[in-house]
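**Student:** Pasting in a structure now, in structure tokens, and then I'll have a few things to ask.
The values are calculated or read from the model by the stated rules, or taken from the named source; none is laboratory data. Computed from a predicted structure; not experimentally measured. Cβ sites come from the backbone with ideal geometry, for glycine too, and all protein chains shown count toward neighbours. We work out accessible area using only protein heavy atoms, side chains counted, and drop any ligands, DNA or RNA first. Shrake-Rupley method; radii C 1.70, N 1.55, O 1.52, S 1.80 Å.
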Amino acid sequence: MSEFKPLVFSGVQPTGNLHLGNYLGAIKKFVALQEDNDCIYCVVDLHALTAQLVHQDMPTQIRSITAAFLAAGIDPKKHIVFNQSAVPQHAELAWIFNCVARIGWMERMTQFKDKSGSKNAEQVSLGLLAYPSLMAADILVYRATQVPVGDDQKQHLELTRDIAQKFNIDFGDHIRKNGLGVDIKVGNEPVHAYFPMVEPLIDGPAPRIMSLRDGTKKMSKSDPSDLSRINLMDDADAISKKIRKAKTDPDALPSEVEGLKGRPEADNLVGIFAALADKTKAQVLQEFGGQQFSTFKPALVELAVSNLAPVNGEMRRLMDDPGYIDDVLRDGGGRARARAEKTMKEVRDIIGFVQ
């Protein structure tokens, strides 16, 4: 191999209801990426245990994410759709990466610091600390080269690169001895690498969709108020109600993007419209600048319903046929295991395990 084969990997946790932020920030982009890339999309059910250990209905949550992938337009035949726990090589590589990574790297992760804190130190699991190591394994067990991520995951992807680089350097002689790896440069330093230095894919008009009740907070599955988010399974009436009740301010929409500064709720609604319409915020404000929210919100309702109704209907149809979803996951899991085992066999040889 003279270079790493391009491959896109990403995953979504099966925790709570998928919402508009998940769709615009992740799933819609997954669909676009599959047109020109080899893609692997994963329901990361092992990661879900770090958010909540005991789930009342994990199978339904896993199937719901899968249904959303399929309803949005991901092709499970041309690409791979599967659930993480069906491929044990993820956990095997994560253990190796636990030994490669340093505790200090993990403790510096912003999400870990936010969730652990001094008051919660006795409440957080070891899994939460090691979460980024498993994320690195998810990506690198397929030797993926690109990952579509939001701003909140950029730090974890940097850690993935750090883990890959340390493995490549520590085992450099072993990689060469086994006839594996690719000559790359990290900065100006030549490295004979087994794992690629994965790159983030961050683009689009709305990488962060905020709460409909508080424009300073990200739209979240865990927010206690259902009015804070638009769920992918919401019908037209629910979508209309939530947008009409969305928090705003008394001023008219500005004519230029600069006028959205200091107006988080207005900025959020304009951003949602832009993402749904595949426009820029500036283009939206050219159309609606100077108008009141009483005019803008009905237009946003119409746009949101027309975009989400086909996805909503197909998700409901698929969820009524769990056997089909399970078949998709089984097929994807089998193909993912074959790829992952090839990597792990080589990693075991590099490390020196007897097979």
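**Student:** Give all pairs with beta carbons closer than 9 Å in which a residue from the range 246-257 that is free of Cβ contacts under 8 Å to residues at least 60 places away in the same chain and part of a loop (DSSP other than H, G, I, E, B) meets a residue that is buried (at least 18 other Cβ atoms within 10 Å of the Cβ) and of a type in the set (D, E); count only pairs at least 6 apart in sequence or on separate chains.
**Tutor:** Hits for this filter: A246/E265; K247/E265; T248/E265; D249/E265.
**Student:** Do we find that T280 is surrounded by fewer than 16 Cβ atoms within 10 Å (Cβ to Cβ), β-branched (V, I, T) and touching a helix residue (DSSP H, G or I) at 6+ places or on another chain (Cβ under 9 Å) in this structure?
**Tutor:** yes
**Student:** Return the total of residues in the range 22-47 being open to solvent by less than 30 Å² (accessible area, probe 1.4 Å) and acidic (D, E).
**Tutor:** Residues in the range 22-47 being open to solvent by less than 30 Å² (accessible area, probe 1.4 Å) and acidic (D, E): 1 in total.
**Student:** Failed condition for V81, given (1) under 20 Å from G333 (Cα atoms); (2) in a helix (DSSP H, G or I); (3) among the aliphatic types (A, V, I, L, M), with all others met?
**Tutor:** All conditions pass for V81, except number (2).
**Student:** Looking only at the range 317-353, which residues are of a type in the set (D, E) and surrounded by 15 or more Cβ atoms within 10 Å (Cβ to Cβ)?
**Tutor:** D326, D331, E341, E346, D349
**Student:** Could we say that D251 is over 28 Å from the mean Cα position of the chain (by Cα) and under 30 Å from C99 (Cα atoms) here?
**Tutor:** Details: over 28 Å from the mean Cα position of the chain (by Cα): yes; under 30 Å from C99 (Cα atoms): no.
Answer is no for this residue.
**Student:** Does V149 satisfy the condition of being more than 18 Å from I103 (Cβ to Cβ) and in contact with a Pro (Cβ under 6 Å, 6 or more places away or on another chain)?
**Tutor:** The answer is yes for V149.
**Student:** Continuing with the same structure: Based on this model, can you work out whether M58 counts as closer than 16 Å to V43 by Cα, modelled with pLDDT under 95 and among the hydrophobic types (A, V, I, L, M, F, W, C)?
**Tutor:** yes
**Student:** Right, another one. Which of the residues spanning the range 9-36 are closer than 17 Å to E199 by Cα and more than 12 Å from the chain's Cα centre (by Cα)?
**Tutor:** L33, Q34, D36
**Student:** Suppose we filter K5, K28 for residues that are charged (D, E, K, R), modelled with pLDDT under 95 and either in contact with a helix residue (DSSP H, G or I) (Cβ under 8 Å, 6 or more places away or on another chain) or under 24 Å from S211 (Cβ atoms) (or both); which single one remains? Walk me through it before giving the result.
**Tutor:** Values: K5 fails: either in contact with a helix residue (DSSP H, G or I) (Cβ under 8 Å, 6 or more places away or on another chain) or under 24 Å from S211 (Cβ atoms) (or both).
The match here is K28.
**Student:** Considering every residue within the range 259-274, establish whether at least one is of a type in the set (D, E) and loosely packed, with under 14 Cβ neighbours inside 10 Å.
**Tutor:** Taking every residue of the range 259-274 in turn, none turns out to be of a type in the set (D, E) and loosely packed, with under 14 Cβ neighbours inside 10 Å.
**Student:** For K279, are the conditions met, namely being more than 27 Å from F82 (Cα to Cα), among the charged types (D, E, K, R) and not in a helix (DSSP H, G or I)?
**Tutor:** Values: more than 27 Å from F82 (Cα to Cα): yes; among the charged types (D, E, K, R): yes; not in a helix (DSSP H, G or I): yes.
The answer is yes for K279.
**Student:** If you don't mind, there's one more thing I want to ask. Within the range 57-64, can one find any residue that is of a type in the set (G, A, S), in contact (Cβ under 8 Å) with a residue 60 or more places away in the chain, open to solvent by less than 10 Å² (accessible area, probe 1.4 Å) and closer than 26 Å to H156 by Cα?
**Tutor:** Here is the first cut: in the range 57-64, the ones of a type in the set (G, A, S) are 64.
Then keep just the ones that are in contact (Cβ under 8 Å) with a residue 60 or more places away in the chain; that gives 64.
Still in the running and open to solvent by less than 10 Å² (accessible area, probe 1.4 Å): none.
No, the range 57-64 has no match at all.
**Student:** Right, next: Which residues, taken from the range 1-21, are hydrophobic (A, V, I, L, M, F, W, C) and open to solvent by less than 30 Å² (accessible area, probe 1.4 Å)?
**Tutor:** L7, V8, F9, V12, L18, L20 - these are the residues of the range 1-21 that are hydrophobic (A, V, I, L, M, F, W, C) and open to solvent by less than 30 Å² (accessible area, probe 1.4 Å).
**Student:** If I filter the range 70-114 down to residues being aromatic (F, W, Y) and either at pLDDT below 95 or surrounded by fewer than 14 Cβ atoms within 10 Å (Cβ to Cβ) (or both), which single residue comes out as nearest to the chain's Cα centre (by Cα)?
**Tutor:** Across the range 70-114, the extreme among qualifying residues is F112.
**Student:** Taking V305 and the conditions (1) under 16 Å from L20 (Cβ atoms); (2) open to solvent by 40 Å² or more (accessible area, probe 1.4 Å), which numbered condition does it fall short on, given that it satisfies the others?
**Tutor:** Condition not satisfied by V305: (2).
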